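Accompanying notes for the structure given below.
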Amino acid sequence: MEYNIAICTKITTEFYIDNFMAHHAIQTFKIFLRNEIHMKNTMDMQCVLDNAWQ
């Protein structure tokens, strides 16, 4: 019985850790994407401004 509880606990813990890691990875990726988009928009804007001055 104790053996089964130990297995269940281990599986449950791993499941939660996997979910946490996946969630964390997704959040990190979203932030990365948002920053990438922001960078691109900033660069596009800079390009527009540069061309406007020429």
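If I model a spin label at L49 and L33 as a point 7 Å from the Cα along the Cα→Cβ vector, what separation in nanometres do I get?
Here the modelled spin labels are 2.8 nm apart.
Using 7 Å Cα-to-Cβ label points, what is the K40/I26 separation (nm, one decimal)?
Each label point is offset 7 Å from its Cα along the Cβ direction, giving 2.2 nm.
Add -39500 (n - 2.57) for each DSSP H run of 4 or more in the chain, then divide by its residues: what number comes out at 222 nm, to the nearest 500 deg cm²/dmol? Walk me through the intermediate numbers first.
Details: 1 runs with 52 residues, N = 54.
After summing the helix terms and dividing by residue count, I get -36000 deg cm²/dmol.
Treat every Asp and Glu Cβ in the chain as -1 and every Lys and Arg Cβ as +1, leave all other atoms uncharged, and give the resulting dipole magnitude about the Cα centre to the nearest 20 debye. If you can, show how the numbers build up before the last one.
Values: 4 positive and 6 negative charges, 17 e Å.
For the chain, the charge dipole is close to 80 debye.
For helix 2-53, report the angle its Cα long axis makes with the longest principal axis of the Cα atoms of the chain; keep it between 0 and 90° and round to the nearest 10°.
0
If the chain were replaced by its equivalent ellipsoid, with semi-axes equal to the square roots of 5 times the Cα gyration tensor eigenvalues, what would those be, largest first, whole Å? If you can, show how the numbers build up before the last one.
Working: eigenvalues 530, 3, 3 Å².
That gives 51, 4, 4 Å for the three semi-axes.
Each reported figure results from applying straightforward, stated rules to the coordinates on display, with no laboratory input. Just so it is clear, the model here is predicted, and its values are computed rather than measured. Note: ideal-geometry Cβ built from the backbone for every residue, glycine included; neighbour counts use all protein chains shown.
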